[in-house]
Amino acid sequence: MSTQLKRIGILWGGGLGDLLMIRPFLKAVHSSPETESYLMTAESHLSELFDELCPPAEVIQLSRNPGHLLPVIKKWRHFFDLIYLGPCPTLKTRILGHLLAPKKLWSCRHKNADPFLLEQIIADIGALGLSGNQRACRLTDYLPWPVESSKNPFADPGHFFVLHPGAKARWSTTLWPLERWAQLVLKILGETDYSLCLVGTSNEEERLSNIAGRLPAQLSERVLLCLGWPIKKIASLVSSSSGVICHNSGILHLSAFIEKQTVCITGSSARYWRPPYPWVFNVTSGKCRQACNRYKCPVPFFRAKCINGVEVQDVWEVIRNKILKKDCDAC
């Protein structure tokens, strides 16, 4: 690493997807023991994710209230050799980066790399001349721990899928309707012998229980709710599964890192949030191509048809042709 970059600040989000995307950068930075790293984020409710994915970087909690940022700016102004913003910072993030007045402020989009955030960040590592700038052979090498397959969680061992029907509640353009998730679960259980692990945070218990509660008793035995599990444990579950079905959320990116066959029910997510890898299958309605990446649909009367226009049969066809067929061919 360049001897000029001894103190590096990273202005970044704090969700699971955000922290997974920044893992290659953190690994490159931490390969030099004399470098101090600081992750500056406005997220404060996911401290367990910081503990799992960020060490030894120091996490600095920022207030979402602009009026409370002045003491932070005074404390850290002129402190950093480099502040890293990533390829797609918001205007507020850019302004804060300039106010902190580091020796170098970095935000770059590489035309020769895929727009996906992870690929852009890996390109940044090389452009900045950071240590450990060789691309890892496997994406799991960027994680802070090895991914090991877990024991099959069902009494009757067999194939199972991991489903994550949740996402941040304010993302109305990303959440597929609950009724369609329930229909998809019933279709998978009714037409295959696969079992299902429904994963989610403790805050998503009501949503997951609603889906499981609609099932007949004879099918509910093949469904397991996995709520509030540590990310390392979920990673092991994903690794031992036949595939993952989810929204464009943190579980998508965890599954993409593990290179597991993944069906993503994609809504408004921008291209830089869509993994370009051959084991990830984005299912879209095709009714809106804006990829606006907005919490709420910005177009009057569209009613988030990007996600709401995806039918159960659309998702089922991808599962059947991309995952079930592959499993059958491997038998």
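Each value in this text was obtained by applying a stated rule to the coordinates, not by laboratory testing. All of these numbers come straight from a predicted model, not from anything done at the bench. Note that we place each Cβ from the backbone using ideal geometry, even for glycine, and neighbour counts take in every protein chain shown.
Observations, loosely collected:
- In straight-distance terms, cross-link reach from Lys75 covers every one of the lysines whose alpha-carbon lies under 16 Å from its own, apart from those fewer than eight places away in the same chain; here that gives Lys103.
- Sparse-neighbourhood loop sites, GluC sites (Glu not before Pro) in the range 1-90 - DSSP loop, at most 12 other Cβ within 10 angstrom: Glu34
- Sparse-neighbour loop sites [trypsin sites (Lys or Arg not before Pro); the range 235-331; at most 10 other C-beta within 10 Å; DSSP]: Arg289
- When the chain is treated as a Gaussian network with alpha carbon springs shorter than 10 Å, the biggest mean-square fluctuation among Cys137, Cys197, Cys54 belongs to Cys137.
- Once divided by 2.2 N^0.38 Å, the Cα radius of gyration of the range 7-142 becomes 1.00.
- Look at the alpha carbon pairs under 8 Å that are at least 6 residues apart: their mean separation over the length of the range 217-331 gives a relative contact order of 21 percent.
- Sparse-neighbourhood loop sites, trypsin sites (Lys or Arg not before Pro) in the range 68-173 - DSSP loop, at most 10 other Cβ within 10 angstrom: Lys111, Lys151, Arg170
- If you model the chain as an ellipsoid using its alpha carbon gyration tensor, with each semi-axis the square root of five times an eigenvalue, the axes come out at 36, 22, 18 Å, biggest first.
- Ratio of Rg to Rh for the range 160-330: 0.94 [Cα atoms; Kirkwood radius as inverse mean 1/r over pairs].
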